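The values are calculated or read from the model by the stated rules, or taken from the named source; none is laboratory data. Predicted, not measured: the structure shown is a model, and the values here were computed from it. Counting neighbours? That spans all protein chains shown, and the Cβs are built from the backbone with ideal geometry, glycine included.
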Amino acid sequence: MIVVSVGAGAMQYPFIQALHKRGYQIVAFGKGRNSDEAIALCSHFAPIDTSDSDSAIAWLRSLNLPISAAGSFAGGPAIGTLQAICNEFNLPTQVPEYLRVGMDKLRQQELYERFQLSAIETWQLDADEPLPSEIHELTDFIVKPSIGRGSAGVLKMSLAELEQAVNAQTLPAGTIIQEFKSGVEYRVLLMVQQGEIKILAPIYRNSYENTFLLGRLQYHSGHLDRLHHYLSEMIQRLKIVDAVIKADLMVSPDGIDMIEMDIGVGGGYYFKAFISELLQQDLIETYIDLIVGAPVKAIKPVHEQLCMDYIYNWHGIPITYDITAIESELNTLIGPHRILINQLRPERTGQHSSNADFLFTVIHSNAEITNTQINQHLNPLFIPVAT
């Protein structure tokens, strides 16, 4: 069986390694930070950007191989490429064409509204037009780039702040403006096979202090029945058959609103590692079962006290750190834990402007200590690097 990996970087290596151990022939492509170890396990590789679906499909066609499945742990534009490949080769995890809306936030919200998955009022800023009159009936807003990922550039503004920014022309044309809704925000991992929910893991999403960046993820079953009903209806409305989905949802007294969802990759390597511990099941193996069309068993969360905290460098300059000292501090502070280091090594940049800028995550079961407290304890251990 031949399986395509969209991407061949360090985050793809565990996926490619698992495929190799199962005896699958692996075809992969990627450009930039590729992993030599991942490429060595592939029978065919090409330096094609994971955002370039046309070139990827043309190359795959040129191989003249019977492709049976495709998968990825990459995010962003790679999701669209994965969807394109699945549809082009009629693979088990193909999705209806109308679900391929890419990273355009306005098109995403239009899709969610069309299928009654969200009622969040959304507008796109036009540089030559005043703010729509209905905006003045609201008090608070979420403002974000029309194309973006990782919570980069996401702001909360009052009506007065929004009007001031528009008058000062500090917001670029195309900026997305949404009404602010309060409630409980979830990052949900959903796995569907033959139209049935096999895995539903509702993860409470708590933002990093005074930002919209990922702070703490923690299993929370308080709205499980409502989420199950909502997602079951979503599967039927969208005609989803076989898919893994990462969905960001807002649960409020008014209902459930879809903020954003990715169909095909399920939230990236770190999120999958956390869910694997939560389920006490290797999610990579389950994901492979799904994409190759093998039966997927229904699984429920087991380790319900589990948390995953994102640790950032708030010094504003490049730093380094002694992992032994970090481990020692965490042993005293929270007890048993597991550290997942960000392979992009953002400590070299000195910034924390998107979700990709976390230094590492910490998986543990001590929810009494907050994400803010853990970051406060660890940041003094970071060592500034001269530039």
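Among the listed residues Ala173, Ala201, which satisfies the condition of being out of contact with any helix residue (DSSP H, G or I) (no Cβ under 7 Å at 6 or more places or on another chain) and either of a type outside the set (S, T, N, Q) or more than 19 Å from Leu111 (Cα to Cα) (or both)? Just a single option satisfies the conditions, and that option is Ala173.
Here Ala152 clears all of (1) in the same structural domain as Ser207 (by TED's automatic domain parsing); (2) at pLDDT below 85 except the condition numbered (1).
Inspect region 277-297 for any residue being polar (S, T, N, Q), buried (at least 16 other Cβ atoms within 10 Å of the Cβ) and free of Cβ contacts under 8 Å to residues at least 24 places away in the same chain and give the result as yes or no. Yes, the conditions are met somewhere in region 277-297. Only strands (runs of 3 or more DSSP E) whose full extent lies in region 131-186 are considered here, and the ones with at least 3 residues that are free of Cβ contacts under 8 Å to residues at least 40 places away in the same chain and buried (at least 16 other Cβ atoms within 10 Å of the Cβ) are 140-144.
Just to be sure, is Ser146 under 30 Å from Ala74 (Cα atoms), of a type in the set (Ser, Thr, Tyr) and not assigned by TED's automatic domain parsing to the domain that holds Leu214? So Ser146 fits the description; yes. Of all residues in region 187-211, exactly one satisfies the criterion of being crowded, with 20+ Cβ neighbours inside 10 Å and part of a loop (DSSP other than H, G, I, E, B), namely Tyr208. Screening the candidates Arg100, Arg114, Arg61 for the property of being among the basic types (Lys, Arg) and over 26 Å from the mean Cα position of the chain (by Cα) yields one hit, Arg61.
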